[in-house]
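Structure first, then comments.
The values are calculated or read from the model by the stated rules, or taken from the named source; none is laboratory data. Predicted model only: the values in this text are computed from it and were never measured. For neighbour counting, all protein chains shown are included, and Cβ atoms are generated from backbone atoms with ideal geometry for every residue, glycine included. For accessibility, only protein heavy atoms count, side chains too; no ligands or nucleic acids. Shrake-Rupley method; radii C 1.70, N 1.55, O 1.52, S 1.80 Å.
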Amino acid sequence: MRTEVNEIRAAMAKKLAACAIIIENEKNISYGVQWKVVRGENTATVNTYHGKKGFRCVVQSRDAAFQAELERLAAEAAGTQVPLRPVSRTQPSALPAEDVPLIGCDESGKGDILGPLCVAAVYLDAAAAAEWRARGVRDSKELDDETICRLAAEFRAERPEDYALRIVLPTEYNDLYEKYRSEKKNLNHLLTDLHFANMERLLTREAAAVVLDRFAAESLMADRFATAGVTLPLVQIPRGERYTAVALASILARAAFVDALQQLGARYGETVPKGASSATAGWVAQFAATHGTAALRDIGKWHFKTFDPYR
C-alpha cells in the first residue's frame, strides 16, 4: 500500500513541477507526508496520506482556484476522475444551520485534577434539536449539576441510539496517558482518538456535518478523518455549544463526570472536589495522608503537577 502511495506522490510531484509549482518544504505527518507548495503569490499546504482506502490528499489554500488545481493534479496522479480531498474544511462563513441534522461532540474533565475524562457525541435532527432546546438544553457550563444530570438521564432513556459516551476513569486514563507519551503523543491525540471512536458510532446517520467543540489544532481531527476516508463535513469551532447537539454532548459528558466523581468518592468515603484550584491541591494532600499516595492514581490524573510531591 505505502509503495503504491509513494509512487502516486512521486507522480504528483512531477505534475507540480510541470506546472511551475514548487515544493518548498516536506515533512512527515501521521500516516503521510505534508508539502508546503508555492507558485508566485499562491501558497498551499498539501497533506498526502496512505489511508485504509489508499491514497488520500487534503489541500488547504486561501486561493480557491489554486486549491482546485492542486486537487485536480492529485486526482490525475492517482488516476481518478474526482478530487481526493476527503473532508470539507468548513469555513466560519459556511457553518451549518441549527435546523439541519448534526452530530455534536464535547468532553468534560480534561482540566480537572481529579476524576475521569468523559467524551460524548450526540446525533440530533432538526425536530429533536428544537425539542431539546425547549426543554432547557444549553451549554452545560450554564447549568447546575442537578439540571445536567436530569437532562442527561432523560436523553439517555428516550434516545438511547442517538449518543455515544466514553468514560475514562483515572486508572485507565493514567495508563493511556503514559502509553501516548511513550509514542511521542499528548493528551490532544488521546482526545482525538476518543472523539473519533464516538463519532464512528453515529456516522451512519443522515447528518449534514459533525460539529466538534474545538480543543486542539484542527489538523489533528482532520487528519484522522482523512486517514479513515470520512467524507462528512467536519466543523471545529470554539464555543461549539451554540449547537444543540454539541450542548447535549457537553451535558452527557458532564453528567458522566459528576456521577463518576461521586462513585470514586464513595469508594474512599470522601467528597472529591472538582477543578484544579489550590483548594483541590490541599484536598489531595489530606487524601494522601489518609489513604496513602498509591490511592492517588485511582482518583487523579497523574500528569498534573499537583501530584509531583507524591511521585
Within the stretch 1-36, the residues that are assigned to a strand (DSSP E or B) and touching a Lys or Arg at 6+ places or on another chain (Cβ under 9 Å) are I22, I23, E24, N25, E26, K27, G32, V33, Q34, W35, K36
Pairs, first more than 13 Å from T43 (Cα to Cα) and in contact (Cβ under 8 Å) with a residue 24 or more places away in the chain in the stretch 64-76, second among the β-branched types (V, I, T) and in a helix (DSSP H, G or I), C-beta under 9 Å, six or more apart: A74/I8
Could you check, for the stretch 235-244, whether at least one of its residues is without any contact (Cβ under 8 Å) to a residue 60 or more places away in the chain and open to solvent by less than 10 Å² (accessible area, probe 1.4 Å)? no
Which of the numbered conditions does A247 fail, given that it passes all the others? Conditions: (1) within 20 Å of the chain's Cα centre (by Cα); (2) open to solvent by 60 Å² or more (accessible area, probe 1.4 Å). (2)
State whether one or more residues within the stretch 274-282 are open to solvent by less than 70 Å² (accessible area, probe 1.4 Å) and at pLDDT 95 or above. no
Residue that is farthest from C118 (Cα to Cα), among those in the stretch 268-294 that are within 30 Å of the chain's Cα centre (by Cα) and without any contact (Cβ under 8 Å) to a residue 60 or more places away in the chain: S278
Which residue pairs have Cβ atoms closer than 8 Å, lie 6 or more positions apart in sequence or on different chains, and pair a first residue in the stretch 299-311 that is closer than 10 Å to L114 by Cβ with a second residue that is among the acidic types (D, E)? K301/D112
When you scan the stretch 297-310, do you find a residue that is among the hydrophobic types (A, V, I, L, M, F, W, C), open to solvent by less than 10 Å² (accessible area, probe 1.4 Å) and modelled with pLDDT under 95, even just one? yes
Here the qualifying pairs (Cβ atoms under 7 Å; residues six or more apart or on different chains; first in the stretch 155-177 and in a strand (DSSP E or B); second surrounded by 16 or more Cβ atoms within 10 Å (Cβ to Cβ) and among the charged types (D, E, K, R)) come out as A164/R201
Just wondering, is there one or more residues in the stretch 167-187 that are at pLDDT 95 or above, open to solvent by 10 Å² or more (accessible area, probe 1.4 Å), touching a strand residue (DSSP E or B) at 6+ places or on another chain (Cβ under 8 Å) and closer than 20 Å to L114 by Cβ? yes
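Residues S88, S93: which one is open to solvent by less than 60 Å² (accessible area, probe 1.4 Å), at pLDDT below 85 and of a type in the set (G, A, S)?
S88 is the lone residue from the list that is open to solvent by less than 60 Å² (accessible area, probe 1.4 Å), at pLDDT below 85 and of a type in the set (G, A, S).
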With the condition kept exactly as written, say whether any residue in the stretch 189-203 is touching a Lys or Arg at 6+ places or on another chain (Cβ under 7 Å) and surrounded by fewer than 16 Cβ atoms within 10 Å (Cβ to Cβ). yes
For R201, which of the numbered conditions (1) charged (D, E, K, R); (2) without any contact (Cβ under 8 Å) to a residue 40 or more places away in the chain; (3) closer than 30 Å to Q60 by Cβ fails to hold? (2)
Among the residues of the stretch 201-252, count how many are in contact with a strand residue (DSSP E or B) (Cβ under 6 Å, 6 or more places away or on another chain), among the hydroxyl-bearing types (S, T, Y) and either at pLDDT below 90 or at positive phi (or both). 1
Can you name the residue in the stretch 204-226 that is touching a Lys or Arg at 6+ places or on another chain (Cβ under 8 Å) and aliphatic (A, V, I, L, M) and is also surrounded by the fewest Cβ atoms within 10 Å (Cβ to Cβ) among such residues? A222
Out of the residues in the stretch 110-154 that are outside any helix (DSSP H, G or I), more than 30 Å from A285 (Cα to Cα) and open to solvent by 40 Å² or more (accessible area, probe 1.4 Å), which is modelled with the lowest pLDDT? R138
